[in-house]
Amino acid sequence: MKKYLLALALLLPVSLRAQYQGTGRPVADTTLVLSLDDAIRVALSENTSVKVADMEIQRSEYAKKGAYGALFPQINASGMYSYALQKQKVFFGSDDESANSGGGGGGMASMFTSAFEPIMYYIQQLYTATNTPFVPYAAPAPDPSASTTSSSDPIEMGRRNQVQLGLSASMPLVNFQLWESLRLSGDQVELAVEQARESRLGTVASVKQAYFSVLMAKASYDVYNAVYENAVQNFKFTESRYNAKKASEMDMARAQSSLAAAIPNLYNAENAIFLGLWQLKAVMGLDLDRAIDVSGRLEDYAQHMFYDLNEGAGASLDRNSQMRQLAAQAEMLARQIRMQQYAYLPTLAMQVSYNYYTQSDKFNLSQWKWLPSSTMVFSLSIPIFSGGQRYHTIKQTRVQADELQLQRENAERQLRIGIRQSLSTMDTAMKTYDAASEALKSAEKAYDIASKSYQLGKSTLTDLNNTELTLTQTRLQAAQAVYNFVVAKAGLEQTLGYDFTEEK
């Protein structure tokens, strides 16, 4: 059992123990060693959420440009061909008129004369004023040989083949609702930009947390590796004394149990490093099979563990992304209300059309005669009554604006609570680190004394293990305090909206 335990202890992956032992650890040539700033820069260019946010900005800009297209003329071309299976028929005159006229020719002549009589009178007055002889119009005498068809009989109109080609253009001239909707499209682009900024802030905070988690795992590994190496040395020393009949069997059993207990902690710390690196690669957007490592030690950040808590408590939320988005949404709702109010105003539009038209009974393109026509139309639309639809739509949007105002107040309250929590955590971490630093000096001194006393045979292995346990706990407390401070500070910077790119 003793030989098996010692072999297991000595056959631990030496390369892995050397790989995570301090900042001077050897790494493979293909390993990408990253600092915190490097990791953040890579994440801002490779992270999926950042890429999606940038694409959302681009989509919003395209939507804005498309909305401005409504201000330009909308030009459309059209073509139409129709074949008359039965031509349209029309009637002239009335049934009574055809009965009294005695014939189609006389009825038509009387209708023509009665229709033009006021016009002929007016022309006669013009000729009288200019002393010009005027020959009054006389209806032609009915031709006895003419058809006696009644005016009430239908007459076919049009031709079999009809073709029409046209080009039309329309554009709004006065439309307040459209103009306000274009401004609303611009606000949507600004909101997308702020959402992308929030994604970047979240990515930076996630990278920091993952990076510090790796450093914390390495600090834990260093502590447990030191415990493991001490357990190996104590086991060898106790075994030699036991073989020399200078140590009891109880001491030998305690040395074995201490060594056996140190091995699982070392494996767990090593696994925590691997998991932390995988999490960091996932946040950065790198391939999980890519070999990376982080530079620096967690103790390096202990030198910057100071923060003005009073300044942090009164910090402004003007740069907070959530508050900016809520403000942008409030502005968009206000603009939407104005746009809905503009629905009460008249609109003016213009349309220009140019058409070519032809008809023929024979399908012979070379003999068709094309006739052009063009029109220009100005249309004025004045809204009068919509059953209260516009009124209730405005009321609905105003309720949404009131709801958003309550959400803004609650969001600000929650953010203030988060700021206070971060500051409290940072304050506790600073106090804990100061106390742990003082305790660490005493614990290291006590362990040195206990180790020398045990080697001289003046103390037991139990005393040595107790001092080592105190030293281990103190080291872990100091590392945990630094980790809690930097993670809380990263969360505070995210809440206050400190942009990594702007700081650099």
Can you list the lysines whose alpha carbon is less than 26 Å from that of Lys64, not counting same-chain residues fewer than 8 positions off?
Lys51
The simple spin-label model distance between Asp38 and Arg160, using points 7 Å out along Cα→Cβ, in nm, is 8.6 nm
Can you spot the lysines whose alpha carbon is less than 25 Å from Lys87's alpha carbon? Ignore those fewer than 8 places along the same chain.
Lys362, Lys369
Taking the Cα centre of segment 294-453 as origin and charging only Cβ (+1 Lys, Arg; -1 Asp, Glu), how large is the dipole, in debye to the nearest 20?
900 debye
Among the listed pairs Lys218/Lys246; Lys208/Lys431; Lys445/Lys489; Lys245/Lys441; Lys246/Lys441, those beyond 28 Å (Cα-Cα)
Lys218/Lys246; Lys445/Lys489; Lys245/Lys441; Lys246/Lys441
With N denoting the number of residues in segment 342-497, provide Rg(C-alpha) divided by 2.2 N^0.38 Å, to two decimal places.
2.79
Calculate the spin-label point distance for Trp278 paired with Ser379, positioning each point 7 Å from the Cα along the beta-carbon direction, and give it in nanometres.
6.4 nm
Between segment 53-84 and segment 190-205, what's the alpha-carbon centroid distance in Å?
30 Å
Taking the dipole of segment 314-423 about the Cα centre (Lys, Arg +1; Asp, Glu -1; charges at Cβ), the one of Thr375, Met332, Ser360 that reaches farthest to the positive side is Met332
Can you give the extra length, in nm with one decimal, that the chain gains between Leu406 and Tyr354 once fully stretched, where that is 0.36 nm per residue apart less the Cα-Cα distance?
13.1 nm
Enter the Cα centre distance for the pair segment 231-287 and segment 376-398, rounded to the nearest angstrom.
79 Å
Compare the Cα positions of Thr397, Thr467, Tyr447 along the charge dipole of segment 355-479 (+1 at Cβ of Lys, Arg; -1 at Cβ of Asp, Glu; about the Cα centre) and return the one farthest towards the positive end.
Thr397
Of Glu270, Glu239, how do they rank once you tally other Cβ atoms within 10 Å and put the fewest first?
Glu239, Glu270
Would you kindly compute the Cα radius of gyration of segment 269-420 and its largest Cα-Cα separation (Dmax), both in Å?
33.1, 99
Distance in nm between Ser295 and Leu178 label points, each 7 Å along Cα→Cβ, equals 5.9 nm
Any chance you could run the full-extension gain for Ser453 through His304? It's 0.36 nm times the residue separation minus the Cα-Cα distance, nm to one decimal.
49.8 nm
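Coordinate-derived values only; no laboratory data. What you see is a predicted model; the values in this text were computed from it and never measured. No Cβ is skipped: glycine too gets one built from the backbone with ideal geometry, and neighbour counts run over all protein chains shown.
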